[in-house]
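The structure appears right after this line, and notes come after that.
The values are calculated or read from the model by the stated rules, or taken from the named source; none is laboratory data. On a predicted model such as this, the values are computed, not experimentally measured, just so you know. Here the Cβ positions follow ideal geometry from the backbone for every residue, glycine too, while neighbour counts run over all protein chains shown. In case anyone asks, the SASA skips ligands and DNA or RNA and just uses the protein heavy atoms, side chains included. Shrake-Rupley method; radii C 1.70, N 1.55, O 1.52, S 1.80 Å.
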Amino acid sequence: MHNTGAEPPANGASQAEGAMGVDQAFLALERELAVFLRRARATSGDMAREVHPDLEPAAYGLLVRLADAGRQRATDLAGYFGVGKATMSRQLRALETLGLVTRAQDPADGRAFLVQLTDEGRERFRRVRSARRAQYACRLAAWERSEVAELARLLHRLNGSQDVEE
């Protein structure tokens, strides 16, 4: 089991870092985010395969964005996720090949294309997202609704702070 930060770190390296003046709150945050991200990556892989057996885990996030924000330009998607145009183009081609997204000319700019979920992509994604939400509800059943809302608010704030360059 991992350390929640409520008790002192179990290993000597973390204690030594604390003795050198490293902020224990940031060490605890780093530890918990590492566990969270590792589990999220594994879960995204599982969920991607549930949408389509050949779907890459990284592409699952594209489906989330398209479902939430509607049709988008590939350049806007690349900017949102902080990836290059070539990476985005490759992922969108794969989604298009799987029949999950389609591209249509942007009526505002005939040179650009808008990407959107196909009906099949929307339905497959909806089923998997519903199952994921049910898992969250089960895992967080003992939490107060206000705690869930606060976690969402703080994660939103953390995600927004990544747009700021150091």
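Using 0.36 nm per residue, how much length does the chain from Arg90 to Arg139 gain when fully extended, once their Cα-Cα distance is taken away? Walk me through the intermediate numbers first.
On the way: separation 49, 0.36 × 49 = 17.64 nm, distance 3.46 nm.
Working it through step by step, the gained length comes to 14.2 nm.
From the square roots a ≥ b ≥ c of the eigenvalues of the alpha-carbon gyration tensor of region 68-166, which class results: rounded (a/c under 1.5), prolate (a/b over b/c), or oblate?
On the way: a/c = 2.69, a/b = 1.49, b/c = 1.80.
It comes out oblate by the Cα gyration axes.
About the Cα centre, and with charges only on the beta carbon of Lys, Arg (+1) and Asp, Glu (-1), how big is the dipole of region 32-163? Nearest 20 debye, please.
Working: 23 positive and 17 negative charges, 22 e Å.
Dipole about the Cα centre, nearest 20: 100 debye.
How high is the relative contact order of region 37-160, given as a whole-number percent (alpha carbon pairs under 8 Å, six or more residues apart)? Mind showing how you got there, number by number?
Working: 101 pairs, mean separation 25.1, N = 124.
With pairs under 8 Å counted, the relative contact order is 20 percent.
For the pair Val148 and Arg122, what calculated FRET efficiency results from E = 1/(1 + (r/R0)^6), where r is the Cβ-Cβ distance and R0 = 22 Å, to the nearest 0.05?
Values: r = 26 Å, r/R0 = 1.18.
Taking R0 as 22 Å, the efficiency between Arg122 and Val148 is 0.25.
Compute the accessible area per residue over region 108-163, keeping the other protein chains in place, probe 1.4 Å, unit Å².
On the way: 4520 Å² over 56 residues.
For region 108-163, the solvent-accessible area averages 81 Å² per residue.
Which whole-number percentage describes the relative contact order of region 64-124, with Cα contacts under 8 Å and a sequence gap of 6 or more?
On the way: 66 pairs, mean separation 22.4, N = 61.
Rounded, it is 37 percent for region 64-124.
Quick one: plug the Kirkwood hydrodynamic radius of region 48-98 (C-alpha pairs) into Stokes-Einstein at 25 °C, 0.890 mPa s, and report D in µm²/s.
Working: Rh = 11.0 Å.
In µm²/s, the coefficient is 222.
Quick check: the distance between the Cα centres of region 32-64 and region 113-166, to the nearest angstrom?
After rounding, the separation between the Cα centres reads 12 Å.
Tell me, what % of the accessible area of region 86-166 is carbon and sulfur with a 1.4 angstrom probe? Show your work: numbers first, answer last.
Values: 3160 of 6130 Å².
The nonpolar share, carbon plus sulfur, comes to 52 percent.
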